[in-house]
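The values are calculated or read from the model by the stated rules, or taken from the named source; none is laboratory data. The shown structure was predicted, so the numbers you read here are calculated from the model rather than taken from an experiment. Quick reminder, even Gly has a Cβ in these numbers, built from the backbone with ideal geometry, and neighbours come from all protein chains shown.
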Amino acid sequence: MKDSRILVADDDETLCYLLKEELVNEGYLVDVVYDGKDAIENLKKRFYDILLLDLEMREVHGEKVLSYAKENHPSLQVIVLTAKSDMRTAIDCIKQGAYDFITKPYEFGQLCVIIERALDHKDLLLKNKILASKINQLPTNNIIGESDVIKKIIHLAERAAKSDSNILLEGETGTGKELFAEFIHNHSNHADKPFVAINCASLPDQLIESELFGYEKGAFTDAKASKQGLVEIANGGTLFLDEIGELSLALQPKLLRFLENGEFRRVGGVVNLNSSVRVIGATNKNLMEEAEKKNFRRDLLFRLNVITLTIPPLRDRDGDVLLLSEYFLQKKSPVRSLKKLSADAKNDLQRYNFPGNVRELEHIIERAIIFSETDTIQSKDLNVPKEDFDFTNFVKDDGTLLTMDELEKIHIKRALEHHSWNRENTARALDISQKTLYSKILKYSLK
C-alpha cells in the first residue's frame, strides 16, 4: 500500500535519515521527529497510517506517545523500535495496543514486511467496522421502485456517485434521502471507506460541533479524554449531514471553512487538522429561500449544491406504493407467517396521499402486521385516515387546490390532536425531531 503516510519517531538522527530515505524509495510518505513531544505534536496536525516508535527518547517517553496515539488515533498502527534490553517493555507496548515490535539492529526488508502487514491489518479493521455497521440494515444499493421518476433519480444518483463533488439532496420528510446518500456512497470510488451520518436537527449546537469536529481533553467539564469527530472518522469516505437546513448560523461558517479546504479544529483545540471527505447534505427546506431570509449562508449553499438531486414524494411515484408495500411485508412479517394485503387494503393504500412518504408507508405496514388478526391485512388494519381519501378535502371553497404548506399544517395539527398535543409522541409518530416539530408549530401558529 504505497502512498501510505508514516511517522518515524527516534532520537537517533542518523538512523532516521537513512530510514526515511529507504522508505521514500519504497513509495511511502515519511515524516521524521526526534523526540516524543514532537511526535505527539505531529499526530495532532496530520493523519498517519503507521508510527515507527522508539521507546527511549528525550522529553517524552515512547510509552506516553503510544498511549496518546491509541487514545486519539485508534486506527493508527504503531510499530515499536526497541533494543534487546527493552524486550519486556516492548511486549508491554503490544498489550497497550501497539501492532508489533522489531529489535535493533534490524533488516530493512524485515521492517517493510511488518509495515505491509500493519497496513493490511489497518485496512481489515476498517472493512470490518464498515461491515458491522451494515448488519441488519436495509441494503443500500437496493432502492425499491419501478416508476419513471424514481428510475430517473436513480440514474442521476449513479452518475453523481462517480464524481467527488458535494451533493445536496432535496425532498420532503420520509422520501428516503439518507437511503439515496448511502446509495451514492456505495456506488462511488470510496465505497470501501466509512459512511458517517449525523442529523443536524437532533442535537443542540454545542453537541453538534463536538460531534462533527471532535474535542480535546479538558475542552469542557465531561471531556476527560480527546475524541475524534465525525469528519475525522469519515476521512476518505462520505459525511452525510441530514436536515442541514437546521444548522445554526453560528456553526455554518465552521462547516463552510471545512468544505473550502478540508481544515477543521477540534473543540478546545488550537491546531488545524485536515480530513478529505465527500459531503452529502439533505434538507426538506428550500435553502435558496432560507438564504434569502438570512437563515442560511448563501456561500455555504453554493459549496453544498454542486450537484442537487430532488427525491420525489411517494404520491408522484406511480405504481410504487404496492411494490414498496410488498417489500415491507416481507421485511417486517414474522418468519413463516408472511402477511398479505386484501384487495380493499391495496385500494386504500393506492388512494392515500402519504404526506409522510415512504417512511409513513413503512410504519403503516408494520403497524398493520402487528394488529391484523389473520394472515390477510384488511382495510381496517391499516388505520389510514379515511378523510384523506376524499379529493374534495384538498380543494378550497374557490375551487383551487390546497398548497403543500396548507396540507402540512392540517397533517401536523391532526397528529398533535391525536397525541393530545404531546410533542415528544407527535414528533416520534411523524418521524421528525422535536426541534423540527416546534418550528412547524411556530410557522403555522398551531395552538
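Out of the residues in segment 311-339 that are surrounded by 14 or more Cβ atoms within 10 Å (Cβ to Cβ) and not in a helix (DSSP H, G or I), which is nearest to the chain's Cα centre (by Cα)?
Among residues in segment 311-339 that are surrounded by 14 or more Cβ atoms within 10 Å (Cβ to Cβ) and not in a helix (DSSP H, G or I), the one nearest to the chain's Cα centre (by Cα) is 311.
Would you check which residues across segment 404-417 are surrounded by fewer than 14 Cβ atoms within 10 Å (Cβ to Cβ) and farther than 22 Å from residue 177 by Cβ and list them?
Let us first name the residues in segment 404-417 that are surrounded by fewer than 14 Cβ atoms within 10 Å (Cβ to Cβ), namely 404-406, 417.
Answer for segment 404-417, where residues must be surrounded by fewer than 14 Cβ atoms within 10 Å (Cβ to Cβ) and farther than 22 Å from residue 177 by Cβ: 406, 417.
Among the residues of segment 237-254, is any more than 18 Å from the chain's Cα centre (by Cα) and modelled with pLDDT under 90?
No, because not a single residue in segment 237-254 is more than 18 Å from the chain's Cα centre (by Cα) and modelled with pLDDT under 90.
Do any residues in segment 254-279 that are under 24 Å from residue 296 (Cα atoms) have Cβ atoms under 9 Å from those of residues that are hydroxyl-bearing (Ser, Thr, Tyr) and exposed (fewer than 15 other Cβ atoms within 10 Å of the Cβ), where the two are at least six apart or on different chains, and which pairs are they?
Final answer for the pair search is 262/276; 278/163; 278/165.
Inside segment 39-93, can you point out the residues that are among the β-branched types (Val, Ile, Thr) and modelled with pLDDT under 85?
First pass over segment 39-93, keeping only residues among the β-branched types (Val, Ile, Thr): 40, 50, 60, 65, 78-80, 82, 89, 91.
60, 82, 89, 91 - these are the residues of segment 39-93 that are among the β-branched types (Val, Ile, Thr) and modelled with pLDDT under 85.
Any idea which of 156, 169, 138 is modelled with pLDDT of 95 or more and surrounded by fewer than 19 Cβ atoms within 10 Å (Cβ to Cβ)?
Working: 169 fails: surrounded by fewer than 19 Cβ atoms within 10 Å (Cβ to Cβ); 138 fails: modelled with pLDDT of 95 or more.
Within the list 156, 169, 138, the selection yields 156.
If we scan segment 235-256, do we find a residue that is crowded, with 17+ Cβ neighbours inside 10 Å and closer than 22 Å to residue 68 by Cβ?
Yes, that holds for at least one residue.
Could you please let me know if residue 244 is β-branched (Val, Ile, Thr) and in contact with a Pro (Cβ under 7 Å, 6 or more places away or on another chain)?
Values: β-branched (Val, Ile, Thr): yes; in contact with a Pro (Cβ under 7 Å, 6 or more places away or on another chain): no.
So residue 244 fails the test.
Against the conditions (1) assigned to a helix (DSSP H, G or I); (2) under 21 Å from residue 176 (Cα atoms); (3) among the polar types (S, T, N, Q), where does residue 347 fall short? Just the number, please.
If we test residue 347 against (1) assigned to a helix (DSSP H, G or I); (2) under 21 Å from residue 176 (Cα atoms); (3) among the polar types (S, T, N, Q), just (2) comes out false.
Search segment 210-220 for residues being surrounded by fewer than 21 Cβ atoms within 10 Å (Cβ to Cβ) and either in contact with a helix residue (DSSP H, G or I) (Cβ under 7 Å, 6 or more places away or on another chain) or not small (Gly, Ala, Ser) (or both), and hand back the single one that is nearest to residue 253 (Cα to Cα).
211
I need every pair where a residue in segment 145-170 that is free of Cβ contacts under 8 Å to residues at least 40 places away in the same chain has its Cβ under 8 Å from the Cβ of a residue that is among the β-branched types (Val, Ile, Thr) and surrounded by 15 or more Cβ atoms within 10 Å (Cβ to Cβ), sequence separation at least 6 or different chains.
154/143; 161/184
Go through segment 177-209 and give me each residue that's modelled with pLDDT of 90 or more, of a type in the set (Asp, Glu) and surrounded by fewer than 17 Cβ atoms within 10 Å (Cβ to Cβ).
Matches in segment 177-209: 192 only.
In segment 418-447, how many residues are within 27 Å of residue 347 (Cβ to Cβ) and either surrounded by 14 or more Cβ atoms within 10 Å (Cβ to Cβ) or modelled with pLDDT of 80 or more (or both)? Talk me through it step by step, then tell me what you get.
Filtering segment 418-447 down to residues within 27 Å of residue 347 (Cβ to Cβ) leaves 418, 429-431.
Filter once more, so that each one left must be either surrounded by 14 or more Cβ atoms within 10 Å (Cβ to Cβ) or modelled with pLDDT of 80 or more (or both): 429-431.
So the count comes out to 3.
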